[in-house]
Amino acid sequence: LQSVGGQKAINLTADSPEADREPAFSPDGERIAFRSDRNGGGIFVMGQTGDGARRITEQGFTPTWAPDGRQIAYSTADVSIFPEQASDGGEVWIADIETGRKRMLLQRGSQPAWSPDGSRIAFRGPGSGSRRVSVATIPSAGGTAVQLTTGEENAWSPAWSVGGRLYYASDVGGSYNIWRVRVDAATGAAIGTPQSVTAPTTLVGH
């Protein structure tokens, strides 16, 4: 943990000898969900200062919080390295923080990202080719997924802004870049044409 204006980082998982990664702050900033390899691996939740870490699931990667802080969506696929090339064969699940009760939302997807209004979850899913991946959304209650990118290029790592735009990484045009597009909350479809946010670079990961 490091404050935006600070220079000293604090190790919140110093008591764990295993890999701890993919942290995600809860909406109120009081808790952090993360992936840990401890005790066989899974999604854990701890206080913002690293206290009281407890297991929520026995598997999973890239946790994302529901806006009300009561649920977490996660994927069974590990796409931490080269997310534009990894398999899209994971499932997306939703777990209740208090009870641990789980339900499967999606059979093929990874890198879930919960929308600010709670209505939809963006994710990285299969594209048009055998090695391509795309960005799509699905109602958080379950339903039909709507693809936001063409599937002809790779697109991955979706992240919502407070205003309802969806940001993602893509290699459209042959170069890596960050893109954004407005999303209709009711339908999940893109509104308008995606816009590039950064200049092309040699590599964009998450």
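The values are calculated or read from the model by the stated rules, or taken from the named source; none is laboratory data. Since the model is a prediction, treat every value here as computed from it, not as a measurement. Quick reminder, even Gly has a Cβ in these numbers, built from the backbone with ideal geometry, and neighbours come from all protein chains shown. Heavy atoms of the whole protein, side chains included, go into the accessibility calculation; ligands, DNA and RNA do not. Shrake-Rupley method; radii C 1.70, N 1.55, O 1.52, S 1.80 Å.
Of note:
- Accessible surface of region 75-206 [probe 1.4 Å, protein heavy atoms]: carbon and sulfur percent: 51
- Note on region 4-95: with charges restricted to the Cβ of Lys and Arg (+1) and Asp and Glu (-1), its dipole about the Cα centre is near 240 debye.
- The chain: most fluctuating residue of 100, 40, 142 per GNM, C-alpha cutoff 10 Å: 40
- Cα gyration tensor shape for region 1-75, rounded if a/c is under 1.5, else prolate or oblate: oblate
- Computed with a 1.4 Å probe over protein heavy atoms only, the accessible surface of the chain comes to 50 Å² per residue.
- Expressed as a whole percent, the accessible surface of region 4-56 that belongs to carbon and sulfur atoms is 49, based on a 1.4 Å probe.
- A 1.4 Å probe, protein heavy atoms only, puts the accessible area of residue 187 near 70 Å².
- With a cut-off of 14 Å between beta carbons, the residues surrounding residue 19 carry a summed charge of -3, where Lys and Arg count +1 and Asp and Glu -1.
- Entry note, the chain: relative contact order of 11 percent, from Cα contacts under 8 Å with a spacing of 6+ residues.
- The chain: translational diffusion in µm²/s, Stokes-Einstein, Kirkwood Rh over Cα pairs, 4 °C, 1.567 mPa s: 74
- Residue (of 9, 114, 33) at the positive-pole extreme of the chain, dipole from beta-carbon charges: 114
- Pair residue 70, residue 195: separation of 7 Å Cα→Cβ label points (nm): 3.6
- Vicinal HN-Hα couplings computed from phi for region 29-39 (Karplus, 6.51 cos²θ - 1.76 cosθ + 1.60; Hz; Gly/Pro x): x, 8, 10, 10, 8, 7, 8, 9, 8, 5, 6
- Taking the Cα centre of region 71-206 as reference, the dipole from Cβ charges on Lys and Arg (+1) and Asp and Glu (-1) amounts to some 140 debye.
- Computed from the C-alpha gyration tensor, the three semi-axes of the ellipsoid equivalent to region 1-44 are 21, 14, 7 Å, from longest to shortest.
- Considering region 110-183, its Cα convex hull presents a mean projected area of 4.6 nm².
- D by Stokes-Einstein for region 159-206, Kirkwood Rh over Cα pairs, 37 °C, 0.692 mPa s: 290 µm²/s.
- Between residue 162 and residue 48, residue separation times 0.36 nm minus the direct Cα-Cα distance comes to 38.9 nm.
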